[in-house]
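The structure under discussion appears below in the form of C-alpha coordinates.
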Amino acid sequence: MFTGIVEIIGVVSELNHQSEDGGTTLTISNASEILTDCNLGDSISVNGTCLTVTSFDKSSFKVGVAPETLRRTNLGSLKQGSNVNLERAVSASTRMGGHFVQGHVDTVATILKVEPDGNALTFRFQPRDKSVLRYIVEKGYVTLDGASLTITKVDDEEGWWEVMLIAYTQEKVVTASKKPGDEVNVEVDQIGKYVEKAVEGYFSKGSSGEPAILQKMVERIVDARLQASKQ
(Lines give C-alpha, C1' and ligand atoms only; values in the text may rest on other atoms or scores of the structure.)
Protein backbone atom coordinates (compact mmCIF):
# COMPACT_ATOMS: atom_id res chain seq x y z
CA MET A 1 0.00 0.00 0.00
CA PHE A 2 1.21 3.50 -0.90
CA THR A 3 0.03 7.10 -0.47
CA GLY A 4 0.73 8.51 -3.94
CA ILE A 5 3.20 11.01 -2.51
CA VAL A 6 6.32 10.50 -4.63
CA GLU A 7 9.45 10.48 -2.46
CA ILE A 8 12.18 10.81 -5.07
CA ILE A 9 12.83 10.49 -8.79
CA GLY A 10 15.16 7.61 -9.66
CA VAL A 11 16.94 6.75 -12.90
CA VAL A 12 16.83 3.50 -14.86
CA SER A 13 20.49 2.54 -15.11
CA GLU A 14 20.08 -0.93 -16.59
CA LEU A 15 17.46 -3.09 -18.33
CA ASN A 16 17.85 -6.81 -18.85
CA HIS A 17 15.18 -8.52 -20.94
CA GLN A 18 14.58 -12.13 -19.92
CA SER A 19 14.07 -14.11 -23.12
CA GLU A 20 12.93 -17.25 -21.30
CA ASP A 21 9.88 -15.69 -19.63
CA GLY A 22 9.40 -12.41 -21.49
CA GLY A 23 9.96 -10.32 -18.39
CA THR A 24 12.48 -7.59 -17.65
CA THR A 25 14.84 -6.82 -14.79
CA LEU A 26 15.25 -3.13 -13.99
CA THR A 27 18.06 -1.53 -12.05
CA ILE A 28 17.05 1.82 -10.55
CA SER A 29 19.83 4.18 -9.44
CA ASN A 30 20.01 7.53 -7.59
CA ALA A 31 17.74 5.97 -4.95
CA SER A 32 19.88 6.18 -1.80
CA GLU A 33 17.27 8.26 0.08
CA ILE A 34 14.74 5.42 0.08
CA LEU A 35 17.17 2.53 0.63
CA THR A 36 18.34 3.34 4.16
CA ASP A 37 15.75 0.96 5.62
CA CYS A 38 15.37 -1.36 2.63
CA ASN A 39 15.13 -5.14 2.93
CA LEU A 40 14.94 -7.86 0.30
CA GLY A 41 11.33 -8.46 -0.67
CA ASP A 42 10.22 -4.91 0.15
CA SER A 43 7.70 -3.24 -2.13
CA ILE A 44 8.62 -0.04 -3.95
CA SER A 45 6.30 1.82 -6.31
CA VAL A 46 8.03 2.48 -9.63
CA ASN A 47 5.90 4.86 -11.74
CA GLY A 48 2.90 3.70 -9.74
CA THR A 49 3.61 -0.02 -10.16
CA CYS A 50 4.18 -2.07 -7.02
CA LEU A 51 7.40 -4.05 -7.57
CA THR A 52 9.48 -6.29 -5.30
CA VAL A 53 13.10 -5.52 -4.47
CA THR A 54 15.28 -8.50 -5.44
CA SER A 55 18.67 -6.96 -4.63
CA PHE A 56 20.04 -3.57 -3.60
CA ASP A 57 23.09 -1.60 -2.49
CA LYS A 58 23.49 1.87 -1.02
CA SER A 59 22.21 3.76 -4.05
CA SER A 60 20.44 1.35 -6.39
CA PHE A 61 18.03 -1.59 -6.39
CA LYS A 62 16.76 -4.24 -8.78
CA VAL A 63 13.19 -5.34 -9.49
CA GLY A 64 11.68 -7.88 -11.83
CA VAL A 65 8.85 -6.89 -14.15
CA ALA A 66 6.55 -9.71 -15.32
CA PRO A 67 5.14 -9.86 -18.88
CA GLU A 68 1.62 -9.04 -17.62
CA THR A 69 2.96 -5.93 -15.91
CA LEU A 70 4.72 -4.86 -19.09
CA ARG A 71 1.44 -5.22 -21.00
CA ARG A 72 -0.62 -3.26 -18.49
CA THR A 73 1.82 -0.42 -17.74
CA ASN A 74 4.23 1.96 -19.42
CA LEU A 75 7.26 0.23 -17.88
CA GLY A 76 7.92 -1.56 -21.16
CA SER A 77 8.74 1.79 -22.79
CA LEU A 78 11.44 2.67 -20.24
CA LYS A 79 14.99 3.04 -21.51
CA GLN A 80 18.36 3.42 -19.91
CA GLY A 81 18.40 6.93 -18.46
CA SER A 82 14.61 7.18 -18.04
CA ASN A 83 13.41 8.92 -14.87
CA VAL A 84 10.87 7.14 -12.68
CA ASN A 85 8.77 8.14 -9.66
CA LEU A 86 9.64 6.16 -6.52
CA GLU A 87 7.78 5.63 -3.26
CA ARG A 88 8.28 3.10 -0.48
CA ALA A 89 5.33 1.17 0.89
CA VAL A 90 3.59 2.85 3.84
CA SER A 91 4.72 2.26 7.40
CA ALA A 92 2.89 2.73 10.69
CA SER A 93 4.33 6.26 10.95
CA THR A 94 3.57 7.36 7.38
CA ARG A 95 1.47 10.50 6.96
CA MET A 96 -1.45 9.87 4.59
CA GLY A 97 -0.83 12.95 2.47
CA GLY A 98 -2.40 11.53 -0.70
CA HIS A 99 -4.87 8.62 -0.79
CA PHE A 100 -4.85 4.82 -0.56
CA VAL A 101 -2.85 3.56 -3.54
CA GLN A 102 -2.33 -0.13 -4.23
CA GLY A 103 0.30 0.08 -6.93
CA HIS A 104 -1.93 -2.00 -9.22
CA VAL A 105 -2.14 -0.16 -12.54
CA ASP A 106 -5.58 -0.26 -14.19
CA THR A 107 -4.58 1.09 -17.59
CA VAL A 108 -2.35 3.63 -19.30
CA ALA A 109 -3.48 7.03 -20.54
CA THR A 110 -2.12 9.22 -23.32
CA ILE A 111 -1.42 12.91 -22.77
CA LEU A 112 -3.64 14.83 -25.17
CA LYS A 113 -2.37 18.31 -24.36
CA VAL A 114 -0.47 20.39 -21.82
CA GLU A 115 -1.43 24.00 -21.14
CA PRO A 116 0.23 26.51 -18.78
CA ASP A 117 -1.98 28.23 -16.20
CA GLY A 118 0.19 30.80 -14.49
CA ASN A 119 3.05 28.81 -12.99
CA ALA A 120 0.93 25.63 -13.04
CA LEU A 121 0.43 23.12 -15.85
CA THR A 122 -2.88 21.55 -16.86
CA PHE A 123 -2.60 18.06 -18.35
CA ARG A 124 -5.39 16.34 -20.30
CA PHE A 125 -5.40 12.51 -20.41
CA GLN A 126 -7.29 9.93 -22.45
CA PRO A 127 -7.23 6.33 -21.14
CA ARG A 128 -6.61 3.28 -23.29
CA ASP A 129 -9.37 1.46 -21.39
CA LYS A 130 -12.36 3.84 -21.46
CA SER A 131 -14.21 1.82 -18.79
CA VAL A 132 -12.08 3.45 -16.06
CA LEU A 133 -13.81 6.77 -16.74
CA ARG A 134 -16.71 5.70 -14.52
CA TYR A 135 -14.31 5.98 -11.56
CA ILE A 136 -13.02 9.41 -12.59
CA VAL A 137 -14.94 12.23 -10.89
CA GLU A 138 -14.24 15.94 -10.61
CA LYS A 139 -12.31 16.75 -7.42
CA GLY A 140 -11.71 13.04 -6.88
CA TYR A 141 -8.37 11.24 -6.76
CA VAL A 142 -6.44 9.52 -9.52
CA THR A 143 -2.92 8.07 -9.42
CA LEU A 144 -0.73 8.95 -12.42
CA ASP A 145 2.70 7.33 -12.59
CA GLY A 146 2.39 6.78 -8.84
CA ALA A 147 1.50 10.38 -7.96
CA SER A 148 -1.78 11.12 -6.19
CA LEU A 149 -3.44 13.97 -8.09
CA THR A 150 -6.78 15.78 -7.95
CA ILE A 151 -9.03 15.66 -11.01
CA THR A 152 -10.03 19.16 -12.10
CA LYS A 153 -12.26 18.38 -15.08
CA VAL A 154 -13.89 15.35 -16.74
CA ASP A 155 -15.55 14.86 -20.12
CA ASP A 156 -17.16 11.41 -20.26
CA GLU A 157 -18.45 11.85 -23.82
CA GLU A 158 -15.06 12.69 -25.31
CA GLY A 159 -13.33 10.36 -22.85
CA TRP A 160 -10.76 12.51 -21.05
CA TRP A 161 -9.93 14.15 -17.73
CA GLU A 162 -7.59 16.89 -16.58
CA VAL A 163 -5.30 17.46 -13.61
CA MET A 164 -3.24 20.48 -12.62
CA LEU A 165 0.39 20.33 -11.49
CA ILE A 166 1.46 23.23 -9.32
CA ALA A 167 5.04 24.48 -9.53
CA TYR A 168 6.16 22.44 -6.48
CA THR A 169 4.71 19.19 -7.86
CA GLN A 170 6.35 19.80 -11.24
CA GLU A 171 9.73 19.47 -9.53
CA LYS A 172 8.79 16.23 -7.76
CA VAL A 173 7.22 13.99 -10.45
CA VAL A 174 8.21 12.72 -13.88
CA THR A 175 4.85 13.61 -15.43
CA ALA A 176 5.76 17.30 -15.54
CA SER A 177 8.42 16.65 -18.19
CA LYS A 178 6.16 14.56 -20.43
CA LYS A 179 4.67 15.83 -23.67
CA PRO A 180 1.48 15.20 -25.70
CA GLY A 181 1.57 11.65 -27.00
CA ASP A 182 3.47 10.30 -23.98
CA GLU A 183 1.79 7.74 -21.71
CA VAL A 184 1.26 7.54 -17.95
CA ASN A 185 0.23 4.67 -15.68
CA VAL A 186 -3.25 5.08 -14.23
CA GLU A 187 -4.69 3.66 -11.03
CA VAL A 188 -8.19 4.83 -10.16
CA ASP A 189 -9.38 5.34 -6.58
CA GLN A 190 -10.10 1.84 -5.26
CA ILE A 191 -12.92 3.15 -3.05
CA GLY A 192 -14.98 3.74 -6.19
CA LYS A 193 -14.59 0.07 -7.13
CA TYR A 194 -15.80 -1.15 -3.74
CA VAL A 195 -18.77 1.22 -3.80
CA GLU A 196 -19.69 0.04 -7.30
CA LYS A 197 -19.63 -3.62 -6.29
CA ALA A 198 -21.66 -2.95 -3.15
CA VAL A 199 -24.32 -1.06 -5.12
CA GLU A 200 -24.44 -3.78 -7.80
CA GLY A 201 -25.32 -6.24 -5.04
CA TYR A 202 -28.58 -4.37 -4.49
CA PHE A 203 -29.65 -4.49 -8.12
CA SER A 204 -28.16 -7.59 -9.78
CA LYS A 205 -28.06 -11.31 -9.04
CA GLY A 206 -24.91 -12.82 -7.58
CA SER A 207 -22.82 -15.54 -9.18
CA SER A 208 -24.93 -18.17 -7.38
CA GLY A 209 -28.12 -16.88 -9.00
CA GLU A 210 -29.49 -15.52 -5.74
CA PRO A 211 -31.94 -12.59 -6.11
CA ALA A 212 -30.51 -9.11 -5.64
CA ILE A 213 -30.79 -7.54 -2.18
CA LEU A 214 -33.25 -4.93 -3.43
CA GLN A 215 -35.42 -7.67 -4.95
CA LYS A 216 -35.43 -9.57 -1.64
CA MET A 217 -36.45 -6.41 0.22
CA VAL A 218 -39.34 -5.74 -2.17
CA GLU A 219 -40.48 -9.37 -1.98
CA ARG A 220 -40.54 -9.24 1.85
CA ILE A 221 -42.55 -6.03 1.82
CA VAL A 222 -45.05 -7.45 -0.70
CA ASP A 223 -45.37 -10.70 1.29
CA ALA A 224 -45.97 -8.74 4.48
CA ARG A 225 -48.65 -6.62 2.82
CA LEU A 226 -50.34 -9.73 1.40
CA GLN A 227 -50.33 -11.42 4.79
CA ALA A 228 -51.75 -8.30 6.42
CA SER A 229 -54.55 -8.06 3.82
CA LYS A 230 -55.63 -11.65 4.56
CA GLN A 231 -56.11 -10.95 8.25
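Results, tabulated for the structure shown:
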| quantity | calculated |
| --- | --- |
| Selection from region 33-74 of residues that are polar (S, T, N, Q) and assigned to a loop (DSSP other than H, G, I, E, B) | Thr36, Asn39, Asn47, Ser59, Ser60, Thr73, Asn74 |
| Some residue of region 122-136 being under 30 Å from Asn16 (Cβ atoms), of a type outside the set (D, E, K, R) and not in a strand (DSSP E or B) | no |
| Tally of residues being closer than 16 Å to Lys62 by Cβ and surrounded by fewer than 20 Cβ atoms within 10 Å (Cβ to Cβ) across region 82-94 | 1 |
| Complete set of residues in region 61-76 that are open to solvent by less than 20 Å² (accessible area, probe 1.4 Å) and over 18 Å from the mean Cα position of the chain (by Cα) | Phe61, Val63 |
| Where a residue in region 172-197 is touching a residue at least 24 places away in the same chain (Cβ under 8 Å) and at negative phi and its partner, wherever it lies, is in a strand (DSSP E or B) and open to solvent by 70 Å² or more (accessible area, probe 1.4 Å), with Cβ under 6 Å and at least six apart | Val174/Asn83; Asp189/Tyr141 |
| The one condition in (1) more than 29 Å from Gly140 (Cβ to Cβ); (2) modelled with pLDDT of 95 or more that Asn47 fails to fulfil | (1) |
| Among (1) buried (at least 20 other Cβ atoms within 10 Å of the Cβ); (2) assigned by the TED database to the domain that holds Thr27 - the single one Lys79 does not satisfy | (1) |
| Hits in region 126-140 - residues which are touching a strand residue (DSSP E or B) at 6+ places or on another chain (Cβ under 6 Å) and either over 20 Å from Gly181 (Cβ atoms) or open to solvent by 20 Å² or more (accessible area, probe 1.4 Å) (or both) | Gln126, Arg128, Asp129, Tyr135, Ile136, Glu138, Gly140 |
| Set Leu165, Leu121: member being touching a helix residue (DSSP H, G or I) at 6+ places or on another chain (Cβ under 6 Å), more than 26 Å from Glu200 (Cβ to Cβ) and surrounded by 14 or more Cβ atoms within 10 Å (Cβ to Cβ) | Leu165 |
| Those residues of region 176-198 which are over 10 Å from the mean Cα position of the chain (by Cα) and in a loop (DSSP other than H, G, I, E, B), in sequence order | Lys178, Lys179, Pro180, Gly181, Asp182 |
| In region 1-28, the residues that are farther than 24 Å from Thr94 by Cβ and assigned to a strand (DSSP E or B) | Val11, Val12, Ser13, Glu14, Leu15, Asn16, His17, Thr24, Thr25, Leu26, Thr27 |
| Where a residue in region 109-133 is over 18 Å from Leu75 (Cβ atoms) and its partner, wherever it lies, is open to solvent by 60 Å² or more (accessible area, probe 1.4 Å) and assigned to a strand (DSSP E or B), with Cβ under 6 Å and at least six apart | Ala120/Met164; Thr122/Glu115; Thr122/Met164; Arg124/Leu112; Arg124/Lys113; Gln126/Leu112 |
| Residue check for Glu196: at pLDDT below 95 and farther than 23 Å from Glu87 by Cβ | yes |
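The values are calculated or read from the model by the stated rules, or taken from the named source; none is laboratory data. As the structure is a computational prediction, the values presented were derived from the model and not from experiment. Cβ sites come from the backbone with ideal geometry, for glycine too, and all protein chains shown count toward neighbours. Side chains included, ligands, DNA and RNA excluded: accessible areas come from the protein's heavy atoms. Shrake-Rupley method; radii C 1.70, N 1.55, O 1.52, S 1.80 Å.
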